[in-house]
1. Note down the Stokes-Einstein diffusion coefficient of segment A:73-135 in µm²/s, whole number, using a Kirkwood radius over alpha carbon pairs, 4 °C, and 1.567 mPa s.
2. Is there a pair in A:262/A:395; B:138/B:205; A:395/A:499; A:135/B:316; A:135/A:499 whose C-alpha atoms are over 29 Å apart, and which pairs would that be?
3. Summing +1 for each Lys or Arg and -1 for each Asp or Glu, what net charge is found among the other residues whose Cβ lies under 11 Å from the Cβ of residue A:205?
4. So what J values fall out for segment B:219-236 if you push phi through Karplus, 6.51 cos²θ - 1.76 cosθ + 1.60 with θ = phi - 60°, rounded to Hz, Gly and Pro as x?
5. If you take the Cα atoms of chain A, find Rg, then find the Kirkwood Rh from the mean of 1/r over all pairs, what is Rg/Rh?
6. Over segment A:361-453, calculate the relative contact order: mean separation of alpha carbon pairs under 8 Å at least 6 apart, over the residue count, as a percent.
7. I'd like the Kirkwood hydrodynamic radius of segment A:313-410, using the inverse of the mean 1/r over distinct C-alpha pairs, in Å.
8. Reported to two decimal places, what Rg/Rh ratio describes segment A:2-171 when computed on Cα atoms with Rh from the Kirkwood expression?
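Here, each number is a calculation from the coordinates, and none is a lab measurement. These numbers were taken from a predicted model, which means no experiment stands behind them. Here the Cβ positions follow ideal geometry from the backbone for every residue, glycine too, while neighbour counts run over all protein chains shown.
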Amino acid sequence: MRLYLSSLYFILWQLPLFAQDQILIEAESFEEKGGWLIDQQFFDIMGSSYLLAHGLGTPVGDAITKLKVAEGGDYHVWVRTKDWAPFPVGPGKFSLLIGDVYEKSFGATGQTGWQWYDGGLVKLQNQTEVGFILKDFTGFDGRCDAIYLTRDHTFKPPHDQGVLHNWRKELLGLGRVPKDAGIFDLVVIGGGMAGTCTALSAARQGLKVALVQNRPVLGGNNSSEIRVHLMGRTDQNDFPVLGRIVHELDNGDPGNANPDGKRYGDERKEQIVRLQPNLSLYLNLHAYAVETEGNEIRTVIARNIETNEELRFPARLFADCTGDGTIGYLAGADYRMGRESKAETGETYAPDEADDFTLGTSNLWHTSIQDSPTSFPETAWALTFSDEYYLDTDKADWQWETGYGNFNTITQAEEIRDHNFRAIYGNWSFLKNNKSDKYGHHKLDWVAHIGGKRESRRLMGDYILNQNDCTGEIERQPDGFVTATWTIDLHFPDPENQKYFEGEEFFAATKHIRVAPYNIPYRCLYSRNIGNLFMAGRNISTTHVAFGSTRVMKTCGMMGELVGFAAGLAIQHNTSPRGVYENHLNELTSMVSGVKYSRP
Amino acid sequence: MNLSQIELSWIKHSIFGLMKIISENCSGVIGILVLSTFLSISFLPPILAQPTVGSDSSNLQMERAKDIVLELVYDDQNQPQYYSSEIFTQVCETGECKPVRIRLNWDLLGNYLNYAMPKGSILTKMDHIPFNATDYQKFASILNDRYSVLEDFNLSQLKGPKEKATVQEIDGITGATPKSIENAIVPGAVYTCYTIWHLAHVSIKDTILEKSQLLRNEEILYHFIDHENSDYQRWAIDNIFQFFRHSQQLVDQVLHLFQSDKVFLKKHILQQIPDSLLAQRSIQNLLWPQYPGLSYSLQLILLRRYSDIPVDQEVKDLLESYRSQSNQEQLSLFQLIRTSH
């Protein structure tokens, strides 16, 4: 916070243009968060992280910050927030208190979308330290992005995303080129299993590597924040060298939504990364911009999800392990989203017509049994359940999923998460208030506020894996190295759920189409049109159908291990990811075979 | 599947099994009605499908479905209860597999319920080895999986290249079981599982639905509207709104459901009720006073349904009283309704 205060003073004192008559406070930068959580998941859509009052129905502790007002006067207060469940009015009500002279509530207006809300006037005194408090009323996910005070009573803060972005940067003093984090051989963006394995593997090839992760923990879907277990096998590998780092990171199998978050091994993963020479870990940094030259990425720019400080990462090579293919997308990489048609791919499991259907996002949850009965409020703003249909369960598993083309998993990611919340809270409220014989002593302990996203963009490489690769209809490729074993596992709305919630399904079914163990070609792991971009994880070059098999996390981790080897070769031979395939495939084969390469 | 080719026998099979209705369904309607007392289903010889050797798999399926004899079983209240069929069929193209005799049961909307083995019948695997208890257990779970991967396969895909075949994988004939369906079959009985699953879930459903349409009469609709099976209730609601909307009693019966706490059924009613009924003053007077007690999603459906249907002044006045608890979206719909003529 010392850093934060200094930046505030910077705003106040170093930018006299604004300092005297306007103040922008990013909620995520509050000195004390109380029980509020930082949520950066939707940065790419709304342009900021924000604070979330995720108390599962119990109001969370106050978030508090202080700042010194340079110049007193009547300030107009604006609060950027969102009624996340305007059905007709959401539960996310909170108050903003300024000193002891101002209190006004926000968050429950019945209006949709993020907006600046007019908070009226507050009188502030010269050179006084003023406390700002966010007081939550319900524990049901009220949210606050920013607070803005201005003495210009005719000015309304911008709503347009582009204008808002620049305006915000200017007020935060981020208008200049950020400082460089260092110079790297490889910058890996995304600290899930794929990214972490990529970074470790590359660092072990002697590369200078940065791993940039936008959460406080590593592991992504396998972290304690999301709690999905690692699937895919590593004991069927044709190249057993791959999978070793996955094994290192694997903390055992706690299943999905285990009550004990520690079992997912956040600490183990971080320790392994911290102990790795050549590897610099940057947590809480969200990469949101790239600088390119020709068809290559030169730098990635990332913003701290709490302090909003920015860092710039120059490198020769980049690996997009973001899941959403964010870096590739920003750089102009070819990508696909949704399903290809049968005619295009020749896959029997592809639909007749291409469409926008994707797998969805899960917010897992679990409960515990208490000694005495507990209560949970009625939730009129949530999904409605009745004896005709409800989910009779005390914990979630993978089936709790929203998406399926009803929502875009990138542009409507927040709506998806919130729809999951409405399903979870609505069902739980029904169980607690109507099935008390069974659930009277249960307490909702944990609901992931970070969504476990399955599918969005797939960056196109020199090879696009499809169903026929997975089922052995196509001959194995010479660069097929990453052995995949998971079924083609393409979720769809559970028909019973669809019957009652058509168009807003939140529960999935699947068919497990078995595959012969097959090998994902290396050419799926680099962009076909961005010369220095690798990818690993769910955003590699596959069709939608093949993605149904490649997407599990042990397999994604092994992709990362392979990328690490390839990056080592690319740096050693001063070539591109494609150059490794074209000119050094034998060497790469030797590396993953665990044999010493002899130049022919 | 060409429904017009389907030859059906209907047996009204009360607990005493007294009535038999045979229809030759050449044009999709009951052709011949024969009442025959004391003729039980056992008198009907099961028909063995004889597929043409070398015919493609879709033809084979069609042939099988063509020869299905469906029986409609009634309960002791003389209400239709479920459909049943004893099926005797080849399960593979070449005729080398042992034919299967099995009884399958479906609900009145064509959803598979369960199976039974007729006395003396068994299921076999490769080399005619009988199923053991575990096999039967797995077979039951395979049939219960409405969303089996078997749905996406045709028979020709069940065979892999001959050179890949192994003894463990075959089902009486040469051919490897594709990896992708290994979990969806009893080992060594791929054709049996495939054929019976398709008969249970695919080949017959439309036929049953079509036949159930022929059952449609006021008595059945009254019976279904209060049925514990919500699918039957929805079926009744849809049919009343489509074919019996002029029956005041049946419509009242549906609207009576609107007073219940069945939110999903209420949603279905609001989505399906025809405009002509919504325009009736009596129905407006019944629906709108309940507006405040409806969930938000039902409120929106009601508002949207009425956004282009003229409403009485009384309703408009009522809406005014609801304004204070409404959000932007609702208010904009109020405005549409208020200005409708």
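1. Working: Rh = 12.5 Å.
Once the numbers are plugged in, D ends up at 104 µm²/s.
2. The answer is A:135/B:316; A:135/A:499.
3. Value of the local net charge: 0.
4. 5, 4, 5, 4, 5, 6, 5, 10, 5, 6, 7, 5, 5, 5, 4, 5, 4, 5
5. Taking Rh as the inverse mean 1/r over Cα pairs, Rg/Rh reads 0.99.
6. Here the relative contact order equals 55 percent.
7. Computed over segment A:313-410, the radius equals 18.2 Å.
8. Ratio of gyration radius to Kirkwood radius for segment A:2-171: 0.94.
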